[in-house]
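Here's the structure we're looking at; comments come further down.
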Amino acid sequence: MVEQLLINNDGYYVPDASQLVTEDDTPVDNFASAKQQRLLVSSLYSSLQNQTFLAESNVGVYHTYRQPAIVPDVFLSLDVQVAANWWEKQNRCYMLWEFGKPPEVAIEIVSNKEGDELGNKLRIYEQMRVSYYVVYDPTQQLSEQALRVYEIRGRRYSQTTEAWLEQVGLGLTLWQGEFEGRQDVWLRWCYQDGTVLLTGDERAEKERLEKEQALQRVQMLAEKLRSLGVDPENL
């Protein structure tokens, strides 16, 4: 909880970071949610290497004076990065007064009916003016709708059927396949054509297959030349 102690920062009053709870070391997630969070975060860093952004899971976001942090399962904030000395108290979590803006995307992964994802959490993200709030409900705890996307329009969220997040330049899609040895349906980032953002392992495997295919083409060409009486080694 944020105490009533304030410090002056270049003429602006902001909460004293030393009074904030930036971590409490309490394990709260299950295997499935943890793996899903890892997939969403790791694929961003693997695929968007030339962009400046911050994506994390289970890191507190301080948004309002004298209110506790909210902890998204995953968030994405564009054009910001963690300070060089991230061990300093004020740099350990996402404080709006330090970053100067809310994240563009907050994602909550539903595993039971206790999280209030469509109630208090929605209202907090709405007040923060997070551009997109995504509720992924893989086991349909809240309704038969597995994926809900809310977009800020004016002062309020409006639910949209569009999974392309225009202000972010990315989309979200449900994808069936294997991640870290586990076959399941996963929530994944995608480009506008529906192609998913690759993880580091997927990117390495893709490059391996491309090299293998290129070598096969070279070998086939060499065999074709030999059948025509041409030695490819002498070309």
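Using a cut-off of 22 Å between alpha-carbon atoms, which lysines can reach LYS113, once sequence neighbours fewer than 8 places away in the same chain are excluded? Within reach: LYS35, LYS121. Roughly how many percent of the accessible protein surface of the chain is carbon and sulfur, given a 1.4 Å probe and a whole-percent answer? Carbon and sulfur atoms account for 48 percent of the accessible area of the chain.
Pairs of alpha-carbon atoms within less than 8 angstrom and 6+ residues apart define the contacts here; what relative contact order does region 161-235 have, in percent? It rounds to 17 percent for region 161-235. Each of the GluC sites (Glu not before Pro) that DSSP puts in a loop and that has at most 16 other Cβ atoms within 10 Å breaks the chain; the longest unbroken stretch is 24-87. The ellipsoid that matches the Cα gyration tensor of the chain has semi-axes, each √(5λ) in whole angstrom, of 43, 22, 16, with the longest given first.
Scanning the chain for helices, which whole DSSP H stretches are 18 Å or more long along the axis (Cα) and average -0.5 or more by Kyte-Doolittle? Helices meeting the span and hydropathy rule in the chain are 31-47. Given the C-alpha centroids of region 209-231 and region 106-185, what is the distance between them in whole angstrom? Cα centroid to Cα centroid, the span is 49 Å. Only protein heavy atoms count here; on that basis, with a 1.4 Å probe, LEU76 has an accessible area of about 0 Å². Region 128-235: which chymotrypsin sites (Phe, Trp or Tyr not before Pro) are DSSP loop and have at most 14 other beta-carbon atoms within 10 angstrom? Answer by residue number: TYR191.
Leaving out same-chain residues fewer than 8 places away, which lysines sit with a Cα under 23 Å from that of LYS224? The qualifying lysines are LYS211. Among the trypsin sites (Lys or Arg not before Pro) within region 99-136, those in coil by DSSP and having at most 16 neighbouring Cβ atoms inside 10 Å are LYS113, ARG129. For region 179-229, the per residue solvent-accessible surface stands at 75 Å², with DNA, RNA and ligands left out and a 1.4 Å probe.
The values are calculated or read from the model by the stated rules, or taken from the named source; none is laboratory data. All figures in this text were calculated on a predicted structure; none of them were measured in a lab. Every residue, glycine among them, receives a Cβ derived from its backbone with ideal geometry; neighbour counts consider all protein chains shown. We work out accessible area using only protein heavy atoms, side chains counted, and drop any ligands, DNA or RNA first. Shrake-Rupley method; radii C 1.70, N 1.55, O 1.52, S 1.80 Å.
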